[in-house]
Amino acid sequence: MSDISNTSYRLLVKQLQTSDEAAFEKVYDLMASKIYHFVKLSIKNKEDAQEITQEVFIKLWNERERIDSSKSLQSFLYVIAKNKINDHLRKVLNEKKYLESIIHSYNILDDDLVNIIDFRDTEKVILKLISMLPERRRQVFELSRFKGYTYKEISKELGISENTVDTQIRKALANLKEGLLRLSIYLLLVIGGII
């Protein structure tokens, strides 16, 4: 943070460590646009880049007491940003792979239907179906499929048994399969001119 002297910087970090909101705002004012531009190099979507930037500063605030004032706060923020970018890219990749696997593994949408429906529309339908799952089932499913948690990790995270995790995953897959089946039947009826 070359905008301020080393002495001012150390004082700012000490104030931040004591939950001084004015110090946090000053750090935010000095660094937010730099972090945003750093994130934007990897995350092209403006809204996602803004969200990740906000997450960086939320993490800074949550970890303010553990900041080492002898080290660069700027470097600390860039490390957080890099980790958040990696998490985001991993999540996007997992979502894409999973959504593609649903389409192909169930053979619910044949080649003609896949050609008619843009992949992004199908992706939106699947994400909508996931959002319509009962709350606990959706949580379990997203932790498993989008974040890559094991059944044991989900069990610990949500305070439920591994058997319950397994049951919820099975039910979620059945719900998605049924939803996609209904979609494919509807599309066949539309294509056939029946509706």
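The values are calculated or read from the model by the stated rules, or taken from the named source; none is laboratory data. Predicted, not measured: the structure shown is a model, and the values here were computed from it. Neighbour counts run over all protein chains shown; Cβ positions are idealised from the backbone, glycine included. Heads up: the accessible areas ignore ligands, DNA and RNA and are worked out on the full protein's heavy atoms, side chains in. Shrake-Rupley method; radii C 1.70, N 1.55, O 1.52, S 1.80 Å.
General observations
- Considering the stretch 62-75, the residues that are within 24 Å of the chain's Cα centre (by Cα) and open to solvent by 60 Å² or more (accessible area, probe 1.4 Å) include one that is farthest from A32 (Cα to Cα), namely N62.
- Every listed requirement among (1) closer than 15 Å to L129 by Cα; (2) at pLDDT 80 or above; (3) surrounded by 12 or more Cβ atoms within 10 Å (Cβ to Cβ) is met by S155 save one, (1).
- Of the helices (runs of 4 or more DSSP H) lying entirely inside the stretch 67-135, those carrying at least 3 residues that are at pLDDT 65 or above are 73-105, 119-131.
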